Amino acid sequence: MKYNTVLLFGAPGAGKGTQGKVLGTVPGYFHIACGDVFRNLTVESELGRVFLEYSGRGELVPDEYTIRLWREAVEGRKQGAQFQPKRDMLVLDGLPRSLTQAQMLADALNVLAIFNLICPDRSKLIARLQRRALRENRLDDVNYEVILQRLDVYERETKPVLDFYGAQLVHTIDATQPPIVVLHQLLEVLTKL
Ligand code: AMP
């Protein structure tokens, strides 16, 4: 069975997590952020070490590791009944982040909409990431060079994912608007799905 899914898409700092957390509180929506799944690993585990190595450089964790971990995380949440695929819309945040990931997930996801949160002004994204680094203790956003690398990786590896799904699914939203306005625009689409 494929999961009915909407994707929160956009550069680091565009506000995917903020919107995802809100949507995840609505009955019938289940939010999962790939970065959170990684951050919940212990550093003693093999995957935890792999995550620290790659995220510390601002790079993507290799696709095989990422998809394996994600599948395990979703299975766990199904077992615990937090996620009920027949009832819930899956809200994916930070996945897929490469063309290969999109292909690997094709058997699992029925993608109904993609929300592309855009922020053409790099300096705004950087400022947001730096504020978050302090607030949330995010090591990968402390270092300026790592932030720049994360933004480059997004342009190079993640953006092509939009073409994989096709323009008809993509809803472009100005991420520089206040979060409540972004949420309103998301809801306008979601209520019609
Ligand atoms: P995020 O919290 O979404 O900004 O992700 C933090 C870091 O986790 C990224 O810089 C990557 O190293 C790793 N990560 C998160 N999602 C993925 C993914 N889908 N594929 C590979 N690496 C990921």
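Only the coordinates and a few stated rules stand behind these numbers; no lab work does. Everything numeric here is computed off the predicted structure, so don't read it as measured data. Every residue, glycine as well, gets a Cβ built from its backbone with ideal geometry; the counts of neighbours run over all protein chains shown.
Brief remarks follow.
- Counted by Cβ distance under 14 Å from ARG156, the other residues give a net charge of -2, where Lys and Arg count +1 and Asp and Glu count -1.
- Overall form of the stretch 1-131 per C-alpha gyration tensor (a/c, 1.5; a/b vs b/c): oblate
- Helix-only mean residue ellipticity at 222 nm for the chain, each DSSP H run of n ≥ 4 adding -39500 (n - 2.57), per residue, nearest 500: -14000 deg cm²/dmol
- Peptides 38-47, 138-147 ranked from most to least packed by the mean count of surrounding Cβ atoms within 10 Å: 138-147, 38-47.
- Vicinal HN-Hα couplings computed from phi for the stretch 159-175 (Karplus, 6.51 cos²θ - 1.76 cosθ + 1.60; Hz; Gly/Pro x): 4, x, 4, 4, 5, 4, 8, x, 4, 5, 8, 8, 10, 8, 10, 6, 6
- Our coupling estimate for the stretch 33-39, obtained by passing each phi through the Karplus curve with A = 6.51, B = -1.76, C = 1.60 and θ = phi - 60°, is 9, 4, x, 5, 4, 5, 5 Hz, Gly and Pro reported as x.
- Gaussian network model of the chain, Cα within-10 Å springs - most flexible of GLY24, GLY35, GLY166: GLY166
- Put the Cα centre of the stretch 1-41 next to the Cα centre of the stretch 140-172 and the gap is 15 Å.
- Counted by Cβ distance under 15 Å from THR176, the other residues give a net charge of +3, where Lys and Arg count +1 and Asp and Glu count -1.
- Whether the stretch 92-193 is rounded, prolate or oblate, judged on the alpha carbon gyration tensor where a/c under 1.5 counts as rounded: oblate
- Kyte-Doolittle mean at least 1.6, axial Cα span of 15 Å or more - DSSP H helices of the chain: 179-190
- Neighbour net charge for ARG128 - beta-carbon separation under 14 angstrom, K R +1, D E -1: +4
- Taking only the alpha carbons of the stretch 40-92, we obtain Rg and Dmax values of 13.3, 38 Å in that order.
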